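The values are calculated or read from the model by the stated rules, or taken from the named source; none is laboratory data. Keep in mind that what you see is a predicted model, and the values were worked out from it rather than measured. Here Cβ is always computed from backbone atoms with ideal geometry, including for glycine, and neighbour counts include all displayed protein chains. These accessible areas exclude ligands, DNA and RNA; they are computed on the full protein's heavy atoms, side chains included. Shrake-Rupley method; radii C 1.70, N 1.55, O 1.52, S 1.80 Å.
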Amino acid sequence: MTPAEVLVVLPTLGDRIDSLALTLESVRQQRDDVALTLVVITPVGARAARELAVSCGAIVVDDPRAGISEAINRGLAARATETYYAWIGDDDLFRPGGLSRLKGMLDADAGAAVAYGGCDYIDPDGRIIARSRAGGLARVLLPWGPDLIPHPGSMIRLDALEAIGGFDNTLKFAMDLDAFLKLRAHGRFVCTREPVSAFRWHPDSLTVANRLPSTLEAERIKRRHLPRALRPLSPLWQLPVRWASAFAAKRLNAHANRLRRER
């Protein structure tokens, strides 16, 4: 067998079996192009999720019940031969060939630490309601604007991720933003506008259901990564960014609700 090159980490509470099955199928499709290890982190009592994960060839790790960041870190600890890390939520999808596209960009640039692509926002039925194709602009906006680098649409060099200590387990919502900001010191960010993943937009999604706490945590993270002299000035741009993000979220919700009514 070809040694695995990509470590895919999937944390789940096991309470969305239908969407988890779709997510696992999207991971299975990636195996046609990429040698990967799938690690599913889930509670001991989530029997249906654990059985489904095993049937899909996953390594199952017990959820430490210490938050999502620590769950991801437990998945990272399963690293063996893998060079790259990719994350997927239990209701998100990889687009066909998505991991291969991201891996190809990192393979082609030894100085790159992160590769990312476009991301489709889909409703609970899988219909596209919006598409993010920020490209290089996402890297520019990262320190002060909205985080437009999708966690499920990114791939990180594992050596760089280990160098920053993995994910900060004190963070509940924006741990990926914190990691991306730290990773800037460990290599370039390369990107494609082509969609490589899909994020399912519904009220149960962690960052959707917790919009304000997520935004406030992201603002704290960006403030601490700023030069000390600029930190007192950060509300000058953080408040407009907060308003713009909330407005964009409302538009997505309105579009998703309209599609639901039209069914």
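Points worth noting:
- Per-residue HN-Hα couplings for segment 143-157 [Karplus 6.51, -1.76, 1.60; θ = phi - 60°; Hz; x = Gly/Pro]: x, 9, x, x, 7, 9, 8, x, 4, x, x, 10, 9, 10, 5
- Per residue, the average separation of C-alpha pairs within less than 8 Å and at least 6 apart gives the chain a relative contact order of 20 percent.
- Put simply, the convex hull of the Cα atoms in segment 119-203 casts, on average, a shadow of 6.2 nm².
- Counting all C-alpha pairs of the chain, share separated by more than 33 Å (%): 16 percent
- Between amide H atoms placed 1.01 Å from N, distances below 5 Å from residue 154 occur with 87, all of them 5 or more places distant or on a separate chain.
- Per-residue [θ]222 nm for the chain (sum of -39500 (n - 2.57) over DSSP H runs n ≥ 4, rounded to 500): -13000 deg cm²/dmol
- Considering only 81, 23, 12, the mean-square fluctuation computed in a Gaussian network model of the chain, springs between alpha carbons under 10 angstrom, is largest for 81.
- Amide H contacts under 5 Å for residue 194: 118, restricted to partners 5 or more places along the chain or on a different chain, H placed in the peptide plane at 1.01 Å from N.
- Annotation: average projected area of segment 112-151 is 3.3 square nanometres, based on the convex hull of Cα atoms across all directions.
- Sorted from longest to shortest, the spans of the Cα atoms of segment 11-134 along the three principal axes equal 42, 36, 28 Å.
- Expressed to the nearest 5 percent, the antiparallel share of DSSP beta bridges inside the chain is 35 percent.
- Rh by Kirkwood over Cα pairs, then Stokes-Einstein D for segment 83-145 at 0.692 mPa s and 37 °C, µm²/s: 242 µm²/s
- If you run the Gaussian network model on the chain, springs between alpha carbon atoms under 10 Å, then out of 143, 227, 43 the most flexible one is 227.
- Using the Cβ-Cβ distance between residue 127 and residue 28 with R0 = 25 Å, the FRET efficiency computed as 1/(1 + (r/R0)^6) comes to roughly 0.65.
- Spin-label pair residue 163/residue 51, simplified geometry with 7 Å Cα→Cβ offset, distance in nm: 4.5 nm
- Residue by residue, segment 12-28 carries 3J(HN,Hα) couplings of 8, 7, x, 9, 9, 4, 4, 6, 4, 4, 5, 4, 4, 5, 5, 5, 4 Hz when phi is fed to the Karplus relation 6.51 cos²θ - 1.76 cosθ + 1.60 (θ = phi - 60°); x denotes Gly or Pro.
- Length available on full extension from residue 44 to residue 141: 0.36 nm per residue minus the Cα-Cα distance, which gives 31.0 nm.
- Taken over the alpha carbons of segment 48-203 as equal point scatterers, the Debye sum produces base-10 log I(q)/I(0) values at 0.10, 0.11, 0.21 Å⁻¹ of -0.35, -0.43, -1.60.
- Extension gain for the segment residue 18 to residue 107, taken as residue separation times 0.36 nm less the Cα-Cα distance, is 28.6 nm to one decimal.
- Gyration tensor over the Cα atoms of segment 10-68: the corresponding equivalent ellipsoid has semi-axes (square roots of 5 times the eigenvalues, largest first) of 20, 12, 9 Å.
- Carbon plus sulfur fraction of accessible area for the chain, probe 1.4 Å, in percent: 55 percent
- Rolling a 1.4 Å probe across the protein heavy atoms gives the chain an accessible surface of 47 Å² per residue.
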